[in-house]
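Quick note: the coordinates plus some simple rules give every number you see, no bench work behind them. Here the structure is a predicted model, which means the values were calculated and not measured. Don't worry about glycine lacking a Cβ; one is built from the backbone with ideal geometry, like all the others, and counts go over all protein chains shown.
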Amino acid sequence: MAELLKRENGSLVYYISPQFLTFSGVRHAFFTRKGGVSSGIFESLNFRFSGGDERGKVLKNYAIAAAELGGEPENIVRATQKHTDIIKTVDAAVPGGSGFNIEEEGPVDALITAKPGIVLTGFFADCQILLIYDHKCRIAAVVHAGWRGVEKEIVRKVIERLAEMGSKPSDLTVAVGPSICRRCFETDDDVPERLSAVYGDQINEFIYREGDKWHIDLKSITYSTLLQLGVLPYNIDISSLCPRCGDGELFWSHRRDGEARGVNAAMIMMT
Ligand SMILES: [Zn+2]
């Protein structure tokens, strides 16, 4: 397990997984706020259409990010993430469309593709985004896993879906992007109760109490889940960065910024 690496290209700043660099057939990035064209509270690489930013600028931001991966804007596939465990396998963006087609199809929190050139995109503003690559089966995935996704075991369900497609967990490389740290993820009794209903006593390893609040270490739950499923420790890279207590110029945080904010994105594309 290693830390993500910072990359800069002109004004663009993003993070990549060192383990992914082992493979020539995949490009990926966890983008920061830097390097886009939006302004004000959306400055500058905002991927969120619904917050009040100008649509034309958001589209330009998508194009900037896709180009960094060597991808085409029309091959971007994104979803409206709603903290579900709904997984969708895609082999094309809508022909002739803008690529932003899944938005109308209802919530999807994990996207999988076996097709090179498709730019899978996920969004984060505290929640975990996992980028997954199988270099043998040539499959890529993006997974959105906040605490509700963890409760719904979306990571396990995606790994199982990949297995149905012929993928072995030991061949997977997984990168977990900047996401809320255990100090910042403060809750009442409800969240630990709901997680222990799913994970049993195991959850006690990942929660602690401070004052009258619980703190939950989602990154460690994800790491543990991946190991239990057979992903190898050295094939998992996890960012220690936290949008909430980290650099606000790099990341939006839902807990810190509320709804008056943009959203960060991560992308993965097989070449
Ligand atoms: Zn934090």
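Structure above, values below:
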read-out	value
Within-14-Å neighbourhood charge of residue 156 [Cβ basis; K, R +1; D, E -1]	-3
Ratio of Rg to Rh over the chain (Cα coordinates, Kirkwood Rh, two decimals)	0.94
Between the stretch 146-225 and the stretch 1-22, the alpha-carbon center distance in angstrom	23
Net charge of Cβ neighbours under 14 Å - reference residue 2; Lys, Arg +1; Asp, Glu -1	0
For the stretch 16-29, 3J(HN,Hα) per residue [Karplus equation, 6.51 cos²θ - 1.76 cosθ + 1.60, θ = phi - 60°, Hz, x = Gly/Pro]	10, 8, x, 5, 5, 5, 4, 10, 7, x, 9, 10, 7, 6
Value of relative contact order over the stretch 1-155, rounded to a whole percent, pairs C-alpha under 8 Å and six or more apart	16
Shape of the stretch 153-251, Cα gyration tensor, a/c cut at 1.5	oblate
Prolate/oblate/rounded label for the stretch 1-149 (Cα gyration tensor, a/c 1.5)	rounded
Overall form of the stretch 20-81 per C-alpha gyration tensor (a/c, 1.5; a/b vs b/c)	prolate
Lysines whose Cα lies under 18 Å from that of residue 157, excluding same-chain neighbours fewer than 8 positions away	82, 88, 168, 219
Most mobile of 163, 110, 145 in a GNM of the chain (Cα contacts under 10 Å)	163
Under Karplus coefficients 6.51, -1.76 and 1.60, residue-wise ³J(HN,Hα) of the stretch 239-245 in Hz, glycine/proline x	6, 8, 5, 10, x, 6, 9
Extension gain from residue 57 to residue 34, taking 0.36 nm per residue of separation minus the Cα-Cα distance	6.9 nm
Helix-only [θ]222 nm of the chain, DSSP H runs n ≥ 4, -39500 (n - 2.57) each, per residue, nearest 500	-6000 deg cm²/dmol
Under 14 Å from residue 152, Cα to Cα: aspartates and glutamates that are on another chain or at least 8 residues apart	85, 109, 160, 193
Proximal charge balance of residue 142 [Cβ under 12 Å; K/R count +1, D/E count -1]	+1
Linear extension gain, residue 8 paired with residue 193, 0.36 nm per residue minus alpha-carbon span	62.4 nm
Whole-number percent relative contact order across the chain, with pairs defined as alpha carbons under 8 Å at least 6 apart	25
Pair residue 137, residue 245: separation of 7 Å Cα→Cβ label points (nm)	3.7
Relative contact order (percent, whole number), the stretch 125-271, Cα cutoff 8 Å, 6+ residue spacing	31
